[in-house]
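Below: the structure, in structure tokens.
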Amino acid sequence: MKHLLKLMDWSAKEINEVLNLADQLKFEKKNGITHHLLKGKTLGLIFSKSSTRTRVSFEVGMYDLGGQALFLSSRDLQIGRGEPVQDTARVLSRYLDGIMIRTFAQKEVEDLATYGSIPIINGLTDYCHPCQVLADLMTIREYKGAIAGNKLCYIGDGNNMTNSLIVGGIKMGMEVSVACPKGYEPDAELMAWAKENGKFTCTDDVLEAAKGADVLYTDVWASMGQESEAEERKKIFKGYQINSDVMKVANDKAMVLHCLPAHREEEITSEVFEAHANEIFDEAENRLHAQKAVLVKCLGTK
């Protein structure tokens with residue numbers, strides 16, 4: 001049984017296999033070739049955090065694969081009224097073939113895997129966002145022809161996106177640099193791992209981090225659950241923005257990615273966003289294809 005709890009659990013070989021399958025599934029969908037690889041399978045979608053891309057891509061993905069998805073809001077489940085995760089896991093394991101969960105605590109995802117008997121896929125936690133980064137890696141390879149050897153620079157909050165980008169980038173042979181304000185760095189253990197296993201830097205100097213970058217990446221300054229900090233964060237993160245000055249120090253053909261939703265004129269200027277909109281929306285589309293590949297790997301026979 002295969003889970004996707006965090007990218008650290010997967011080898012570079014496994015990540016590459018999923019990216020190759022995602023490319024194949026994308027080609028087949030674009031060319032009207034059906035691929036009902038999960039016919040008769042049912043995926044439960046547990047949402048404690050709202051979503052656009054995650055919900056739609058997983059529901060459409062299961063339909064494309066010949067299965068079905070059930071949307072399970074935490075407000076509608078007993079887990080939202082205090083039922084222990086371990087009990088929910090054991091019950092749902094008797095009904096479903098897999099669970100995708102989008103929630104706050106990483107421990108909730110890990111507990112589902114521990115107590116359940118079906119594959120668990122992490123659709124986002126406060127700690128990491130593996131599904132998004134698989135789509136990011138797929139997009140980088142589409143535009144650059146390869147992942148290894150490129151420099152990835154992330155600018156902004158050292159959040160769940162940053163944690164997963166560090167792991168995915170280093171495992172796939174990229175140099176990774178992060179620029180964030182002091183006190184807002186990514187997970188310390190992940191940074192230590194990155195320094196031991198690849199070329200990694202973390203600084204509060206945006207232009208230094210972006211120098212020579214092939215891929216620039218950013219995210220909102222205040223993530224879900226941090227709404228009360230939004231105004232304070234605007235002051236702290238002022239200057240941690242992908243703009244024309246940052247583009248000048250990056251490589252001439254640098255691409256720009258954003259996991260969306262984007263707050264223009266905060267973490268990215270409208271000018272840069274629109275100039276790289278094709279890359280950003282290809283990245284958003286690739287959530288569908290990458291997640292279908294994850295579903296096949298976890299719930300299917302491949």
Worksheet item: Here is a list of conditions, (1) touching a strand residue (DSSP E or B) at 6+ places or on another chain (Cβ under 6 Å); (2) crowded, with 20+ Cβ neighbours inside 10 Å; (3) touching a residue at least 40 places away in the same chain (Cβ under 8 Å), and residue 57 meets all of them except one; can you say which number that is?
Response: (1)
Fill in: Options 219, 214, 204; residue that is free of Cβ contacts under 8 Å to residues at least 60 places away in the same chain and acidic (Asp, Glu)
204
Fill in: segment 212-231, subset surrounded by 15 or more Cβ atoms within 10 Å (Cβ to Cβ) and not hydrophobic (A, V, I, L, M, F, W, C), residue farthest from residue 269 (Cα to Cα)
226
Fill in: Looking only at segment 116-145, and only at residues there that are over 16 Å from residue 167 (Cα atoms), of a type outside the set (S, T, N, Q) and in the same structural domain as residue 21 (by TED's automatic domain parsing), the one that is surrounded by the fewest Cβ atoms within 10 Å (Cβ to Cβ)
118
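Using the structure shown, decide if residue 162 is crowded, with 16+ Cβ neighbours inside 10 Å, in contact with a Cys (Cβ under 8 Å, 6 or more places away or on another chain), among the hydroxyl-bearing types (Ser, Thr, Tyr) and not assigned by TED's automatic domain parsing to the domain that holds residue 109.
yes
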Worksheet entry | Filter result for the condition that a residue is over 20 Å from residue 262 (Cα atoms), free of Cβ contacts under 8 Å to residues at least 40 places away in the same chain and within 16 Å of the chain's Cα centre (by Cα), over 149, 169 | 169
Practice prompt. Considering (1) closer than 30 Å to residue 113 by Cα; (2) without any contact (Cβ under 8 Å) to a residue 24 or more places away in the chain; (3) touching a helix residue (DSSP H, G or I) at 6+ places or on another chain (Cβ under 6 Å), say which one residue 264 fails and leave the rest.
Written response: (1)
Worksheet entry | Candidates 232, 227, 189, 175, filtered to the one that is out of contact with any strand residue (DSSP E or B) (no Cβ under 6 Å at 6 or more places or on another chain) and over 22 Å from residue 263 (Cβ atoms) | 189
Worksheet entry | Any pair with Cβ under 8 angstrom, 6 or more apart, that starts in segment 20-32 at a residue that is farther than 12 Å from residue 65 by Cβ and ends at one that is at pLDDT 95 or above and β-branched (Val, Ile, Thr) | 27/33
Item to complete: Among the residues of segment 256-268, count how many are touching a Ser or Thr at 6+ places or on another chain (Cβ under 8 Å), crowded, with 18+ Cβ neighbours inside 10 Å and farther than 12 Å from residue 282 by Cα.
Response: 2
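The values are calculated or read from the model by the stated rules, or taken from the named source; none is laboratory data. Everything numeric in this text was worked out from a predicted model, so none of it was measured. Positions of Cβ are backbone-derived with ideal geometry, glycine not excepted, and every protein chain shown enters the neighbour counts.
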